[in-house]
1. Which angle from 0 to 90°, rounded to the nearest 10, does the C-alpha axis of helix 129-139 make with the longest principal axis of the chain?
2. Between 64, 106, 127, where does the largest GNM mean-square fluctuation fall for the chain, given springs only between Cα atoms within less than 10 Å?
3. How much length is gained on full extension from residue 102 to residue 123, taking 0.36 nm per residue of separation minus their Cα-Cα distance?
4. Would you please give the FRET efficiency between residue 13 and residue 35, computed as 1/(1 + (r/R0)^6) with r the Cβ-Cβ distance and R0 = 25 Å, to the nearest 0.05?
5. Specify the inter-centroid distance of region 116-141 and region 46-77, based on alpha-carbon positions, in whole Å.
6. Could you pull the Cα extents of the chain along its three principal axes, largest to smallest, in whole Å?
7. Using only DSSP helix segments of four residues or longer, with each worth -39500 (n - 2.57), what per-residue ellipticity at 222 nm results for the chain after dividing by its residue count and rounding to 500?
8. For region 1-115, what does the relative contact order come out to in percent, with C-alpha contacts under 8 Å and a separation of six or more?
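Read-outs: derived from the displayed coordinates by stated rules, not from any lab. Everything numeric here is computed off the predicted structure, so don't read it as measured data. We place every Cβ from the backbone using ideal geometry, glycine too, and count neighbours over all the protein chains shown.
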């Protein structure tokens with residue numbers, strides 16, 4: 001993984017709007033930015049080269065969906081999210097909290113975290129703060 005530190009710099013503002021750039025270990029992104037959504041670390045119907053050619057500089061994926069399938073340990077074993085997606089640039093991973101909390105009938109919240117049923121096979125899963133961080137680390141997010 002590249003070792004460039006994270007940085008954020010605002011270049012211009014107009015009311016609540018701003019033009020900025022941020023740097024991640026995988027590259028620099030100017031905002032506003034086109035950030036295609038690849039929930040499962042892939043943009044349907046496009047290669048990552050095509051995404052970059054259309055101006056995509058950052059991909060968005062969802063840790064909840066990747067946790068359920070193929071599994072965060074599988075992504076880790078394959079070299080992390082960047083290798084799995086075959087994308088060198090910056091990536092943003094959504095924790096999946098919205099998905100867990102939108103499944104009200106299939107989840108239970110406690111002091112320790114949230115237990116939920118998989119939408120895929122009905123298996124029970126526990127998301128604690130520690131587990132969510134472990135998933136993100138396994139993904140290489």
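1. 60
2. Evaluated over the chain, the most mobile residue of the options is 106.
3. Extending this stretch completely gives an extra 5.9 nm.
4. Taking R0 as 25 Å, the efficiency between residue 13 and residue 35 is 0.75.
5. 17
6. 45, 37, 29
7. Taking each H run of at least 4 residues, the total per residue is -7000 deg cm²/dmol.
8. With pairs under 8 Å counted, the relative contact order is 20 percent.
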